[in-house]
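The values are calculated or read from the model by the stated rules, or taken from the named source; none is laboratory data. Quick caveat: nothing in here was measured; it's all calculated off a predicted structure. Using ideal geometry, Cβ is built from the backbone for each residue, glycine included, and neighbour counts are taken over all protein chains shown. Side chains included, ligands, DNA and RNA excluded: accessible areas come from the protein's heavy atoms. Shrake-Rupley method; radii C 1.70, N 1.55, O 1.52, S 1.80 Å.
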Amino acid sequence: MTVVADSGPLIHLSIVHQFQLLKTFFQSCSTIAPVVEEVVTQGNGRPGEAELRQAMHDQWIRLVPVTDQALIQRLTAPTLSEVDSTVIACALEIQAAAVLSDDQAVRRLAAREGLAVIGTVGILTHARMTGLVEALKPLLDELIANGFFLDPAGRIYQDALRKAGER
């Protein structure tokens, strides 16, 4: 499966030391220059920076230019940044199977455009269900402790634990 990554999952998976799951689960992973700028340049020394730099060096995450400026403009909305619109445009241009994003506005637009969406919680849940991680709850709790917006009493958290057999 080919996916286009927004910055969120790259950073969040790094926080819980599970960045390698991207390589495990996806045939091809691409991203755009502004995401690299955010994670590597602006995020210098922070989670995701070294992991993304290495993944690009090893060429299992590749940088893809977006050429259709009209598509980006069509996708632009008040709730989305230009970077968000460009992530979706990239996925459409390269005919990606999915978009990796934790941002609700990006997820909604991707779904409206017919793209599958998966985020950090989905990747970690799948990793737990396939035995690649021993437990999901500690990873989710670590994300929350590091500022990830997820309510432990909420549906997403509880559904993830239920799917993973931890509830």
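This table checks each residue for (1) crowded, with 19+ Cβ neighbours inside 10 Å; (2) aliphatic (A, V, I, L, M); (3) closer than 26 Å to D141 by Cα; (4) in contact with a helix residue (DSSP H, G or I) (Cβ under 7 Å, 6 or more places away or on another chain).
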residue	(1), (2), (3), (4)
T41	no, no, no, no
P65	no, no, no, no
T79	no, no, no, yes
V99	yes, yes, yes, yes
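T86 satisfies every condition listed in (1) modelled with pLDDT of 95 or more; (2) over 30 Å from V66 (Cα atoms) except (2). Selection of first residues in the stretch 138-167 that are without any contact (Cβ under 8 Å) to a residue 60 or more places away in the chain and of second residues that are open to solvent by less than 50 Å² (accessible area, probe 1.4 Å) and hydroxyl-bearing (S, T, Y), restricted to Cβ pairs under 8 Å at least 6 apart or on distinct chains, gives the following pairs, ordered by first then second residue: L140/Y157; L150/Y157; D151/Y157; A160/T125; K163/T125; A164/T125.
Remark: D84 falls outside the filter, which requires a residue to be touching a residue at least 12 places away in the same chain (Cβ under 8 Å), among the charged types (D, E, K, R), buried (at least 21 other Cβ atoms within 10 Å of the Cβ) and in contact with a Gly (Cβ under 8 Å, 6 or more places away or on another chain). In the stretch 120-164, counting only helices (runs of 4 or more DSSP H) that sit wholly within it, the ones holding 3 or more residues that are under 16 Å from the mean Cα position of the chain (by Cα) span 120-129, 137-145.
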